[in-house]
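To start, the structure under review is shown below, and the notes come after it.
The values are calculated or read from the model by the stated rules, or taken from the named source; none is laboratory data. No experiment lies behind these values; they were computed from the predicted model shown. Here the Cβ is made from the backbone with ideal geometry for all residues, glycine too, and neighbour counts use every protein chain on show.
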Ligand code: P1T
């Protein structure tokens, strides 16, 4: 099965035997527990819904198939998935090398919870440069944590080269693949060990569910993380599992349309005289455009940019738009816009933001799948209002 077919069928095959009804959509199994005929023999393998639930298991099978992984696990949020990786694989005094441009909530979790309370040492480096990762490796280093493209500055890192370096030192490579989605990038195939997603974004795609996912092929890693999924219990609910199963069916068509609109918006912005800088890996002007062409099969729907303006004017611009809601999050069918320094990345200290080039006036767009002309006209009109 190719990607589009797996996205519709895997995990949701109609059951036409054993008294099955032949449902073409997976039922939402709501039971919290499962009755047994015999005390020590769970019926049909299910015991308690934190451990396993048929609706969540169906989604987990599909999630694995999208990244061509052997195993998938669904969590209550992207950050719950990230937390489960740390709990499963790291101990006090371990050292983690992380890309310095990450979702603000991930940096907050790493710096304020795991470094702050659990003595896990996090070192942020510019992972665009392999030498920076190489120089950061220490005897206690266990893991390299990457986003590519990054949130919000759309920087890329070379997953294959970093994985080769990491494995020569016995390190685990984690890639947060939320921005690209498995439709445009499959990190496990490039050598990464673990893929993590916020399913809140493209995988669900409709801004109506918060969730997270982990995909792995190594069985030892799977067993450790699966143990924590049950032991710590940050699982995705049956209803949210249903929503994500449903959302994924249209992932391929949505991603192509997100990209088509994003390319049009990026080109429009790049040509506008009051736009200083556009960060989109699909533009030839992006410094890592050739890496994007090599590593990704498409460039996605996320763009960030700088107006030739101060924060006040940037705020006025985003508040003047008609179709772009001013909101955190991304990856839904509707276009969203925000100022990362004041919203999604406000928890990162200003000095740290400045170090990575995240200015107060940076604007980030999650380009939706609306009509392209409507979006361009809206942006044009808002720019005219400000300037
Ligand atoms: O929100 P949650 O489902 O817990 O996912 C966290 C997360 C993880 N990784 C990336 C790359 C993300 O972008 C996010 C969440 N990001 C936003 C809410 C945002 O607006 O950037």
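Brief remarks follow.
- Qualifying residue in the stretch 357-371 (condition: over 21 Å from residue 255 (Cβ atoms), part of a strand (DSSP E or B) and away from the ligand (no atom under 12 Å from the Cβ)): yes
- Test: residue in the stretch 53-64 that is assigned by TED's automatic domain parsing to the domain that holds residue 202 and more than 27 Å from the chain's Cα centre (by Cα): no
- Count of the stretch 92-108 residues, restricted to those that are within 11 Å of residue 347 (Cβ to Cβ) and crowded, with 20+ Cβ neighbours inside 10 Å, is 4.
- Qualifying positions in the stretch 295-312 - surrounded by fewer than 16 Cβ atoms within 10 Å (Cβ to Cβ), over 20 Å from the mean Cα position of the chain (by Cα) and over 18 Å from residue 152 (Cα atoms): 308, 310, 312
- Residue in the stretch 286-305 that is more than 30 Å from residue 189 (Cα to Cα) and in contact (Cβ under 8 Å) with a residue 40 or more places away in the chain present: yes
- Test: residue in the stretch 218-238 that is touching a strand residue (DSSP E or B) at 6+ places or on another chain (Cβ under 6 Å) and in a loop (DSSP other than H, G, I, E, B): yes
- Cβ-Cβ contacts under 6 Å between residues 6 or more apart (or on different chains), taken from a first residue in the stretch 338-361 that is within 13 Å of residue 107 (Cβ to Cβ) to a second residue that is within 12 Å of the ligand (Cβ to nearest atom) and in a strand (DSSP E or B), are listed as 340/364.
- Residue list for the stretch 73-112, filter: within 16 Å of the ligand (Cβ to nearest atom) and outside any helix (DSSP H, G or I): 73, 74, 75, 76, 77, 96, 98, 99, 100, 101, 102, 103
- Filter result (out of contact with any strand residue (DSSP E or B) (no Cβ under 6 Å at 6 or more places or on another chain) and either surrounded by 22 or more Cβ atoms within 10 Å (Cβ to Cβ) or assigned to a helix (DSSP H, G or I) (or both)) within the stretch 163-187: 164, 165, 167, 168, 180, 181, 182, 183, 184, 185, 186
- Subset of the stretch 188-220 [within 16 Å of the ligand (Cβ to nearest atom), closer than 26 Å to residue 291 by Cβ and surrounded by fewer than 22 Cβ atoms within 10 Å (Cβ to Cβ)]: none
- Verdict on residue 213 being touching a residue at least 12 places away in the same chain (Cβ under 8 Å) and assigned by TED's automatic domain parsing to the domain that holds residue 305: no
- Per-region count, the stretch 242-256, residues away from the ligand (no atom under 14 Å from the Cβ) and not in a loop (DSSP other than H, G, I, E, B): 10
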